[in-house]
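Asks: To start, I am sharing the structure in question, which I have written as structure tokens.
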Amino acid sequence: MSSKKLFIIVCCFAMHVSAQSEMDTTALRVSYVSKMRYMEDGKNLSDDEKVLDIGKHSSHFYSRWSEHNNAIRDSIFGRGGNFQDYRSELEKTGFPDSRTPFHVFKNYPKKGMLTYTDKELKSFIYEEPMERPDWKLSEGDTVVLGYHCKKAQTTFRGRTWNVWYTMDIPYSDGPWKLYGLPGLILHAADAKGDFIFDCIGIKQGNMGPIVLRKEKYINCTPQEFEKNRRSSFEDPDSYETKMGFPKIQGYDAKGRPIVHKPQVPCLLEYVLKNYKK
Amino acid sequence: MKRLFLSIALLASAFFVNKVQATPIAFNAFITSCGTEYAFYGTVSDAAMAAIFDYYEHRDCGD
């Protein structure tokens, strides 16, 4: 073997080892039940089960229901199945549909950066510098899942959050984009009652890599994503064709054509100016 | 003779129209969990169909 070939092989091996060492693995898995309002005037809160995977230097918050159903979709389509196969498999083994299938990666792809992905017909992705909420520690304590918890409050991007955190689990992390307390957030609820995260389980151990799902994302900014979501709720049919899909016609259960009323999404955060919070 | 010619012309035009109409345009339809139905003409992948289904399922069902 020539020295040139040997050099290339050694370089490839070094790159492979380097890539492996950068990949974070889950050391702590925190499960939450969540309740989230979907539309501003929605009467009910949508249920979901969220997971916070915490690694050595990053974390990943996502919907367990959505990930499970995505795995079914990938498996069915991966072996040549069609949409009907996917639907029938979902009915048999799927979780309920998640209306909030977003992902939040903290300190990802590098320290101090947050990666957010979400769906609005297509998959969107943005990165932003991590913004630590300005917490006010309050009087009061409680016990969640056997852990002694303290109270804190913050107003973050248009919503006031009341949380319970435990210093018994010394990870400065929590559901969604909330973090920065001297312990893990086990309960978080916004003051309007639109969003609630309640811890239901904590597991320790090596539970797989923290990695962004490989798919076709549309790059955007947080502002562009909010604008997109608002226009999608305002007029879903126009948004659907704007995203490059064929024009679609809907009918209600009585066979009458559906005309979607303009709606306002209930948002976890308000990043666009000129919108009423 | 004239009548025969006319018949052949009609048959040919019917064949031509049938040919044009037979050009396959995929018809797609689905029903959401709350009973709304959606239909459209066009060729989309199964993954895109799943995305469209989820989109309208979220809009129509739940609140």
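Read the figures in this text as sums done on the coordinates, not as results from a lab. Here the structure is a predicted model, which means the values were calculated and not measured. Cβ: placed from backbone, ideal geometry, glycine included. Neighbour counts: every protein chain shown.
Asks: Listed here are the pairs A:K110/A:K242; A:K122/A:K177; A:K177/A:K216; A:K43/A:K227; A:K43/A:K177; A:K110/A:K203; which of them are more than 31 Å apart at the Cα?
Replies: The pairs that break the limit, which is 31 Å between Cα atoms, are A:K110/A:K242.
Asks: Rank A:P129, A:P175, A:P265 by how far each Cα sits towards the positive end of the charge dipole of chain A (+1 on Lys, Arg Cβ; -1 on Asp, Glu Cβ) and give me just the farthest.
Replies: The listed residue farthest towards the positive side: A:P129.
Asks: Is there a quick way to get the dipole size of the protein assembly as shown? I mean about its Cα centre, with the Cβ of Lys and Arg at +1 and of Asp and Glu at -1; what is the value in debye to the nearest 20?
Replies: 920 debye
Asks: Right, next: On average, how many beta carbons from a partner chain sit within 10 Å of the beta carbon of a residue in A:83-90?
Replies: Mean inter-chain Cβ contacts per residue within 10 Å come to 3.
Asks: Compute the distance from the alpha-carbon center of segment A:63-110 to that of segment A:131-155, in whole Å.
Replies: 33 Å
Asks: Where both residues lie in the protein assembly as shown, what percent of DSSP beta bridges are antiparallel, nearest 5?
Replies: Bridges in the protein assembly as shown that DSSP calls antiparallel: roughly 95 percent.
Asks: Cut-off under 17 Å on the C-alpha distance; same-chain residues fewer than 8 positions from A:K111 excluded. Which aspartates and glutamates are left, in chain and number order?
Replies: Leaving aside aspartates and glutamates fewer than 8 places away in the same chain, those within reach of A:K111 are A:E22, A:D24, A:D53, A:E127, A:E128, A:E131, A:D173.
Asks: Compute the distance from the alpha-carbon center of segment A:214-234 to that of segment A:25-51, in whole Å.
Replies: Here the answer is 20 Å between Cα centres.
Asks: Please give the direction-averaged projected area of the C-alpha convex hull for segment B:24-63, in square nanometres with one decimal.
Replies: 2.7 nm²
Asks: Enter the mean number of other protein chain beta carbons within 10 Å of the beta carbon of each residue in A:125-137, as an integer.
Replies: Across the residues of A:125-137, the mean count of other-chain Cβ atoms within 10 Å is 0.
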